[in-house]
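Novice: One structure coming up, written as structure tokens, with questions to follow.
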Amino acid sequence: MTNNILLIEDDTTMNELIVDYLKDFGLNCIAFVNPIDALEELKRNTNYDIVVLDLMLPDLNGFDVFRKIKSIIDIPIIISSARGDIGNKIHGYELGADDFLAKPYEPRELVLRINYILKKSTQETFTIGDFEINTKSREVSVDNYPIDFTKVEFEIFMFLVNNSNRIASREDIIENTSLEPNTKNRTVDMHISNIRYKIGDDSKEPKYIKSVWGVGYKLIS
């Protein structure tokens, strides 16, 4: 099966190079210079396996594009940018980036990182701490006890899992799930409370989800 890569890169020469190089390794790459066009493509066609996203783009900030992609489809994203300073790298990972590739880089390195992420994404079931998670069926169990999450609860839980041991603010949770942008913080707290109840966690002495006062939440793994 051919894997489909969506590339958002405003350098047309780099676009052509990467598209041709990935093709040699059996990867079908569709490239866009304009991020707005790329977002419209994702709305029409979600049959992509990975997005490679440059931060320096026309019309939209790269991190804003990242958030918009995640609001359309939950897909692995590799950030590729000359802006390789530690602040941007940390912010990218905080948003949920799967990898950060600073320019200039060898196309072969991009292929290796894509293949690594593809290999991980094919593993439908994985464990983290006491939890066993099947991402395809959206099933979660703790100590072999099945958890009946709602759609939003599952999305929030998976966002915490993907950012385990890192603080997730309420704003991060809203931006990276299907919650409406104008969702109140209290609503996020209510969803966290429901998740805690279902996984048998105690907010006063948390084993799994820790509250970080005035900031947000952190999954302890």
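The values are calculated or read from the model by the stated rules, or taken from the named source; none is laboratory data. Source: prediction; values computed, not measured. FYI the Cβ positions are ideal-geometry reconstructions off the backbone, even for glycines, and counts take in every protein chain you see. These accessible areas exclude ligands, DNA and RNA; they are computed on the full protein's heavy atoms, side chains included. Shrake-Rupley method; radii C 1.70, N 1.55, O 1.52, S 1.80 Å.
Novice: List the relative contact order of region 138-184 as a percent without decimals, with contacts defined as Cα pairs under 8 Å and 6+ residues apart.
Specialist: Over region 138-184, the number comes to 29 percent.
Novice: Packing-wise, with mean Cβ within 10 Å as the measure, how do 153-159, 59-65, 115-121 rank, highest first?
Specialist: 153-159, 59-65, 115-121
Novice: In nanometres, what is the gap between the two model label sites at Leu118 and Lys23, each 7 Å from Cα along Cα-to-Cβ?
Specialist: 1.6
Novice: Further, regarding this structure: Equivalent ellipsoid semi-axes for the chain, as square roots of 5 times the alpha carbon gyration tensor eigenvalues: give them largest first, rounded to whole Å.
Specialist: Equivalent-ellipsoid dimensions as semi-axes: 33, 19, 15 Å.
Novice: Okay, next question. Antiparallel versus total DSSP beta bridges in the chain: what percent is that, nearest 5?
Specialist: If we restrict to bridges inside the chain, about 50 percent are antiparallel.
Novice: With only Lys, Arg, Asp and Glu charged, each at its Cβ (+1 for the first two, -1 for the last two), find how big the charge dipole of the chain is about the Cα centre; round to the nearest 20 debye.
Specialist: So the magnitude is around 600 debye.
Novice: Okay, moving on. When a/c is below 1.5 the answer is rounded, else prolate if a/b is larger than b/c, else oblate, so apply that to region 176-217 with a ≥ b ≥ c taken from the square roots of the Cα gyration tensor eigenvalues.
Specialist: prolate
Novice: Per-residue HN-Hα couplings for region 106-112, Karplus 6.51 cos²θ - 1.76 cosθ + 1.60 at θ = phi - 60°, whole Hz, x for Gly and Pro?
Specialist: Whole-Hz 3J(HN,Hα) from phi for region 106-112: 7, x, 4, 5, 4, 4, 4.
Novice: Right, here's the next one. Taking K and R as +1 and D and E as -1, what net charge do the other residues with C-beta under 12 Å from the C-beta of Asn163 add up to?
Specialist: Taking every Cβ under 12 Å from that of Asn163, the sum is -1.
Novice: For region 97-221, with every protein chain kept in place, what is the accessible area per residue (1.4 Å probe, Å²)?
Specialist: Value for region 97-221: 59 Å² per residue.
Novice: Can you compute 3J(HN,Hα) from phi for each residue in region 148-155, using the Karplus curve 6.51 cos²θ - 1.76 cosθ + 1.60 with θ = phi - 60°, rounded to whole Hz and x for Gly and Pro?
Specialist: 9, 7, 6, 4, 5, 4, 5, 4
Novice: For region 50-107, treating each Cα as an identical point scatterer without solvent, what Debye log10 I(q)/I(0) comes out at q = 0.26 1/Å?
Specialist: After summing over all Cα pairs, the log10 values are -1.13.
Novice: Simple spin-label model, 7 Å along Cα-to-Cβ: Val215 to Asp37 in nm?
Specialist: 4.1
Novice: Quick one: with all protein chains in place, what share of the accessible area of region 130-176 is carbon or sulfur, to the nearest percent (1.4 Å probe)?
Specialist: Ligands and nucleic acids excluded, carbon and sulfur give 44 percent.
Novice: Which Cα, out of Asn115, His191, Thr177, lies furthest along the positive dipole direction of region 109-196 (beta carbon charges, K/R +1, D/E -1)?
Specialist: In region 109-196, that residue is Asn115.
Novice: Moving on to the next point. Rounded, prolate or oblate: which fits region 1-55 when a ≥ b ≥ c are the square roots of the eigenvalues of the alpha-carbon gyration tensor, with rounded for a/c under 1.5 and prolate only if a/b beats b/c?
Specialist: Oblate.
Novice: Further question on the same structure: Which of Tyr105, Tyr48, Ile133 sits farthest toward the positive end of the charge dipole of the chain, with +1 on the Cβ of Lys and Arg and -1 on the Cβ of Asp and Glu?
Specialist: Ile133
Novice: Could I ask something else about it? Using a 7 Å offset from the Cα along the Cα-to-Cβ direction at both Asp148 and Ile30, what is the distance between the two label points in nm, to one decimal?
Specialist: 3.9
Novice: Does anything in region 155-184 have its amide N under 19 Å from the 7 Å Cα→Cβ label point of Glu94, and if so which residues?
Specialist: 159-177
Novice: Here's another thing I want to ask about it. In debye, nearest 20: dipole of region 146-221 around its Cα centre with unit charges on the Cβ of K, R (+) and D, E (-)?
Specialist: Roughly 200 debye for region 146-221.
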